[in-house]
Amino acid sequence: MTDAASTSSPHGLFVSFEGGDGAGKSTQARLLGDWLRGLGREVVLTREPGGTELGVELRNAVLHGDHVDARTEALIYATDRAHHVASLVRPALERGAVVVTDRYLDSSVAYQGSGRDLGADEVERLSLWAVDGLLPALTVLLDLDPVAGRARLTGEPDRLERAGDEFHRRTREAFLGRAAADPGRWLVLDATRPVEDLALAVRERVGPLVAATALSEGVA
Ligand code: TYD
C-alpha cells in the first residue's frame with residue numbers, strides 16, 4: 001500500500017471479494033448484499049471487469065480478444081477499474097451506500113502482477129493511480145486450490161482460465177501473501193467450507209463495519 005492509498009470511503013462502506021475462478025465469490029457477494037438490504041442499507045452489487053456499460057465492452061475485449069499481450073491486459077483491467085470507480089463506486093459511496101464488488105484491484109496485482117509476471121508493485125501502482133487511491137475497507141479472500149476451482153467451472157474457458165496451473169498457483173500465492181501482509185483489510189476463508197458457514201463468517205466481519213458507517217451517518 002502506498003501513502004496515496006486510502007482504506008476509508010467518505011460515507012459508505014466498500015467491500016471486495018477476491019479469489020480464484022470457481023471459488024464462489026459471486027454467491028457470497030450476493031448473500032452479503034441480501035443480508036445488508038435486510039438491515040435497511042442501500043447496496044450496490046457490482047463486479048470487475050464489466051461493472052459498467054463501457055466495462056462490458058472492455059470485459060469482452062480482455063477475456064475473449066485476440067493477441068492481448070500482458071501489458072495491454074493490465075491496462076484494460078485498469079481502464080475498466082478507473083471508469084467503474086469514477087462512474088459507479090465513488091458516487092455510491094458518497095451517497096452512503098454499501099458497495100460490494102466481485103473482484104477489485106487485488107485481482108490485477110495477483111493475476112497481472114504475479115500470474116503474468118509484470119511485477120506486483122508496478123501493477124499495484126498502476127491500479128491505485130487508476131482509482132485515485134481508493135481501497136476497500138474489507139477484502140474477503142475465498143481461498144481455493146486452483147485445480148479444485150477449475151473443476152467447479154462450467155462453459156468454455158476464457159483467456160485467463162486457459163492460462164495454466166502454474167499461472168493460477170502463482171496467483172493464489174499472491175492473494176495469500178497480500179492478505180497476510182495486511183490482515184486489517186483482509187478476511188481469508190477456506191472456500192471449500194459450506195456456503196452458509198462462509199456467509200456467516202463474512203457477516204461477522206462486516207457487521208461492525210456497517211454499524212460504524214451507520215453511526216457516522218446518524219442512521220439508527
Ligand atoms: P470473473 O468475472 O471473476 O470471472 P467469471 O467469468 O468466472 O465470473 O473474472 C474474469 C477473469 O478476469 C478472471 O479469470 C480473473 C481475471 N481478472 C484479472 O486477471 N485481473 C483483474 O484485474 C480482474 C478484475 C480480473
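A short reminder: the numbers here are calculations on the coordinates, not readings from a lab. Model, not experiment: these values are computed from the prediction. Every residue, glycine as well, gets a Cβ built from its backbone with ideal geometry; the counts of neighbours run over all protein chains shown.
With R₀ set to 35 Å, the beta-carbon distance separating Leu209 from Glu156 gives a calculated FRET efficiency near 0.40.
In a reduced charge model with +1 at each Lys and Arg Cβ and -1 at each Asp and Glu Cβ, the chain shows a dipole moment near 420 debye about its Cα centre.
In terms of its alpha-carbon gyration tensor, region 96-220 comes out oblate; a/c meets the 1.5 threshold, while b/c is at least as large as a/b.
Tell me whether region 87-147 comes out rounded, prolate or oblate; compute the Cα gyration tensor, take square roots of the eigenvalues as a ≥ b ≥ c, and use a/c under 1.5 as the rounded threshold. Because a/c hits 1.5 or more and a/b fails to exceed b/c, region 87-147 counts as oblate. Of the trypsin sites (Lys or Arg not before Pro) found in region 79-160, the ones in coil according to DSSP and having at most 13 other Cβ atoms within 10 Å of their Cβ are Arg95, Arg159.
With a ≥ b ≥ c taken as the square roots of the eigenvalues of the C-alpha gyration tensor of the chain, please select rounded if a/c is under 1.5 and otherwise prolate if a/b is larger than b/c or oblate if it is not? Verdict is prolate for the chain.
Summing charges over all other residues whose Cβ lies under 15 Å from the Cβ of Val56, with Lys and Arg as +1 and Asp and Glu as -1, gives -2.
Let me check against my output: what whole-number percent is the relative contact order of the chain, with C-alpha pairs under 8 Å and at least 6 apart? Rounded, it is 32 percent for the chain.
Dipole orientation for the chain: of the candidates Pro91, Ala151, Ala180, Pro91 has the Cα lying most toward the positive pole (charges on Cβ; Lys, Arg +1; Asp, Glu -1).
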